Amino acid sequence: MNINIRRCMISDAKPIYELCRSELGYEFPESQVEANVRRMIGESNNLLLVAELRGEVVGFIHAHNHEPVYAPPMKSVVALAVNPEYRNHGLGHQLVRAVEDWARETGAAGVRVNSNVNMNEALSFYKSMGFEYIKSQYNFRKMLK
């Protein structure tokens, strides 16, 4: 399988939107995904990559800087999704390795990821990639008007 891992382009917004809905369960307007992609591809603190097979986007990863005052700078995987038809072919591994390369190139100490406790496949995947379980936590948000 000849997979091309490349930086995201604005034209990739629609397949990213579709993967976010179908694989990650996020309901979000397609226009907002496109606006976010448009903004993020020009920012050095975000990395958006897609996995492309025969011209079709079949997976993507989004990572960004994680720079807390209490720890060394790291990269944080915000989202990773691969079309189920193309899982177990190494796409996810290639995407995560690309983020690891970005972390090394920019002097980050490592890569972190949060995953829903109900996503057993994701938990197994990250463990297989050498990520170690740190802690469980609650995730809060407050939407502003």
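Laboratory data are not the source of any read-out in this text; all were calculated from the coordinates shown. Keep in mind it's a predicted model, so treat the numbers as computed, not measured. Here the Cβ positions follow ideal geometry from the backbone for every residue, glycine too, while neighbour counts run over all protein chains shown.
Considering only residues that are buried (at least 17 other Cβ atoms within 10 Å of the Cβ) and in contact with an Asp or Glu (Cβ under 8 Å, 6 or more places away or on another chain), which ones fall in the range 49-73?
50, 57, 58, 60
If you go through the range 7-32 one residue at a time, how many are farther than 22 Å from residue 122 by Cα and either surrounded by 12 or more Cβ atoms within 10 Å (Cβ to Cβ) or small (Gly, Ala, Ser) (or both)?
Matching residues across the range 7-32 total 8.
Report the residue count in the range 33-48 for those that are crowded, with 17+ Cβ neighbours inside 10 Å and either β-branched (Val, Ile, Thr) or out of contact with any helix residue (DSSP H, G or I) (no Cβ under 7 Å at 6 or more places or on another chain) (or both).
3
Of 145, 127, which residue is out of contact with any Gly (no Cβ under 9 Å at 6 or more places or on another chain), basic (Lys, Arg) and exposed (fewer than 11 other Cβ atoms within 10 Å of the Cβ)?
145
Could you grab the pairs with beta carbons closer than 6 Å, sequence gap of 6+ or different chains, first residue in the range 52-76 and in contact (Cβ under 8 Å) with a residue 24 or more places away in the chain, second one acidic (Asp, Glu) and buried (at least 20 other Cβ atoms within 10 Å of the Cβ)?
Hits for this filter: 57/12.
Out of all the residues in the range 74-96, which are farther than 16 Å from residue 24 by Cβ, under 13 Å from the mean Cα position of the chain (by Cα) and surrounded by 15 or more Cβ atoms within 10 Å (Cβ to Cβ)?
75, 94
Each row is one residue, and each column tells you yes or no for (1) surrounded by 11 or more Cβ atoms within 10 Å (Cβ to Cβ); (2) acidic (Asp, Glu); (3) without any contact (Cβ under 8 Å) to a residue 12 or more places away in the chain.
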position	(1), (2), (3)
106	yes, no, no
118	no, no, yes
123	yes, no, yes
136	no, no, no
